[in-house]
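Asks: Let me give you the structure first, and then I'll get to my questions.
The values are calculated or read from the model by the stated rules, or taken from the named source; none is laboratory data. The structure displayed is predicted, hence computed values, not measured ones. So basically every Cβ, Gly included, is an ideal-geometry build from the backbone, and we count neighbours across all protein chains shown. These area figures cover heavy atoms from the full protein model, side chains too; ligands, DNA and RNA do not enter into them. Shrake-Rupley method; radii C 1.70, N 1.55, O 1.52, S 1.80 Å.
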Protein chains: 2
Amino acid sequence: MNSLREKIMAFYKTHRRMPSYGELVKLSAYKTKSAVHYAMSKLIDSGFVSRDKTGRLIPRNLTGSVRMLGLIEAGFPSPAEEELADTMSLDDYLIKNKEATYILRVKGDSMIDAGIYEGDMVLVERGKNPKPGDIVIAQVDGEYTMKYYRQRGKTIYLEAANAKYKPIFPTNELKIDAVVKAVIRQY
Amino acid sequence: MNSLREKIMAFYKTHRRMPSYGELVKLSAYKTKSAVHYAMSKLIDSGFVSRDKTGRLIPRNLTGSVRMLGLIEAGFPSPAEEELADTMSLDDYLIKNKEATYILRVKGDSMIDAGIYEGDMVLVERGKNPKPGDIVIAQVDGEYTMKYYRQRGKTIYLEAANAKYKPIFPTNELKIDAVVKAVIRQY
DNA sequence: AGTATATTAGAACGGTCGTTCTAATGTCAA
DNA sequence: TTGACATTAGAACGACCGTTCTAATATACT
C-alpha cells in the first residue's frame, strides 16, 4: 500500500536524494518504470512529492519544515489561509555555523532563573567571542559549567541564574568554550 | 573561486537536490562537463560533497544537522573523538507529524513558572488528544491562550503557570486546538 | 455473466547522465 | 624562455533518465 511512501522516505534519508524511477522499480513491487510512473502521478496529486521541470522527483512533505505562524493569540489559520503560512526548517533557522554548532544536555539547576531546566537541550556555538550577558559554556577548575558571562568594570566573571550559587571570579584564566544560542525543551 | 560551493548550496536549497554535472556547467564558469568533473573531484577530496555509487553528487556538510553531545559536564570531544559524535537533524528529532505541526510565538507571562517566556517559540501539534499535565493551546471566549491542561475528578480546567492568573473552568465546551511539544528560545 | 474502469507489463523514444580520452591552454618556478 | 605540471575544452562512450504508447491483466460493479 502506502509503504511506498516509507520506502521513499527511507531512501531519501540514507541517500539524501530522491530515487530515480529505475531505482523505485527495485524498491517497490512494481516490475516496470511505467507502473512506477503511474503510481508516482498519484503520489504527486496527493502532494507527497513533486516533479522537477526535468521530471525528476523532488521531496515536499518529507523535507524537515514547519509552518511558521504568528502570535499564539492569532491562533491557527483557516484551511484557505493555510497556503500563506511560512514554512521553514528549524535547522536552517537555528544553526548559522554548522561546523561549530553542538547540542548539549543540561544538568543541574544553575540557570533555572533563566528558564533553563535540567534535561533541556542547549544549542551552542564554539569559537565565538562572548558578549556580557551571554550564556556561555565555560571551563572552571577542569569542569564544564553553564553560566552568565558578566563584566563589572574590567573584571570578567561568571554568574549563575540561581541565588543558591555564588558568582565565580576566575583565579587566573577564564576559558570560554562556547556561547549558548538557543534552548530547546521537549515535552 | 569557492563561490562554486555557494552556488551548489543555493541550488540545493531551492531545488532540494544536488545539481547534475550538466547543470553545474550552466551554474559555473566552466564550459564543459569534464572541467566540472575535475573541479568536483577536488571538492570531494575536501569533504564538501560525495559521490553516489552511481556517480551522482550527494551533499555532506550542507545538510542541516548538528552534532549531538552528552551532558554539559562532559564538555566537547577532542578532534579525535569528533567523528564519534552523533549528528542529527533538529527537524527530524522534534517533528513527528509534519502535517500537524506548527510554530507559534509566545506572548504574555501566563506560563512563566514553566520556563516559557514572552518571545519564545512553541512547537505545537494539532489534533492530538491532550493528557492532564500537558501544556495546550486552547480557545476560551474566542481567544487563544496557552495553559496547563488539568483534571480534578471529572472536571477539566485550564491553569496558568503564574500565580497572577486564576484557573479557568470552562462554562460550556473546552476547545483544545493543539498540544505543546517543545519550547525553543533563541538568544 | 458481462462490462467498464483502474492498474500493470513491456518495449521503444529522445535526451541527459557521469565518465574518459586527447589536445589545448594556463600557471608557476627555475 | 624553457619545461613541468595543473587545469580546461571538446568530443565520444555506454548507461540510465523520464516519458509515452499499446496490450495485457486485475478490480469493481451491475
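Asks: Name the pairs whose Cβ atoms lie under 8 Å apart, with the first residue in region B:33-52 and free of Cβ contacts under 8 Å to residues at least 12 places away in the same chain, the second more than 8 Å from DNA strand D (Cβ to nearest atom) and of a type in the set (Ser, Thr, Tyr), and 6 or more positions between them or separate chains?
Replies: B:Ile44/B:Ser50
Asks: For region A:1-98, give me every one of the helices (runs of 4 or more DSSP H) that falls completely inside it and has 2 or more residues that are at pLDDT 85 or above and more than 10 Å from chain B (Cβ to nearest Cβ). Walk me through how you get there before you give the answer.
Replies: Numbers: elements: A:3-15, A:21-27, A:33-45, A:90-94.
Passing ranges, in order: A:3-15, A:21-27, A:33-45.
Asks: If B:Ile116 satisfies all but one of (1) open to solvent by 30 Å² or more (accessible area, probe 1.4 Å); (2) at the interface with chain A (Cβ under 9 Å from one of its Cβ atoms), what's the number of the condition it fails?
Replies: (1)
Asks: Name the residue, out of A:Arg16, A:Arg56, that is within 11 Å of DNA strand C (Cβ to nearest atom) and open to solvent by 50 Å² or more (accessible area, probe 1.4 Å).
Replies: Within the list A:Arg16, A:Arg56, the selection yields A:Arg56.
Asks: Let me ask something else about it. Mind counting the residues in region B:13-35 that are under 21 Å from A:His15 (Cβ atoms) and within 12 Å of DNA strand D (Cβ to nearest atom)?
Replies: Within region B:13-35, residues that are under 21 Å from A:His15 (Cβ atoms) and within 12 Å of DNA strand D (Cβ to nearest atom) number 5.
Listed here are the residues, each with its yes/no results for (1) surrounded by 11 or more Cβ atoms within 10 Å (Cβ to Cβ); (2) within 11 Å of DNA strand C (Cβ to nearest atom).
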{"site": "A:Val25", "(1), (2)": "yes, yes"}
{"site": "A:Lys31", "(1), (2)": "no, yes"}
{"site": "A:Ser34", "(1), (2)": "yes, yes"}
{"site": "A:Ile44", "(1), (2)": "yes, no"}
{"site": "A:Phe48", "(1), (2)": "yes, no"}
{"site": "A:Arg51", "(1), (2)": "yes, no"}
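Asks: With the condition kept exactly as written, say whether any residue in region B:173-182 is open to solvent by 50 Å² or more (accessible area, probe 1.4 Å), at pLDDT 90 or above and more than 10 Å from every other protein chain (Cβ to nearest Cβ).
Replies: Checked against the condition, which is being open to solvent by 50 Å² or more (accessible area, probe 1.4 Å), at pLDDT 90 or above and more than 10 Å from every other protein chain (Cβ to nearest Cβ), region B:173-182 yields no hits at all.
Asks: Exactly one of (1) hydrophobic (A, V, I, L, M, F, W, C); (2) open to solvent by 40 Å² or more (accessible area, probe 1.4 Å); (3) under 18 Å from A:Gly115 (Cα atoms) is unmet by B:Val106. Its number?
Replies: The single condition B:Val106 does not satisfy is (2).
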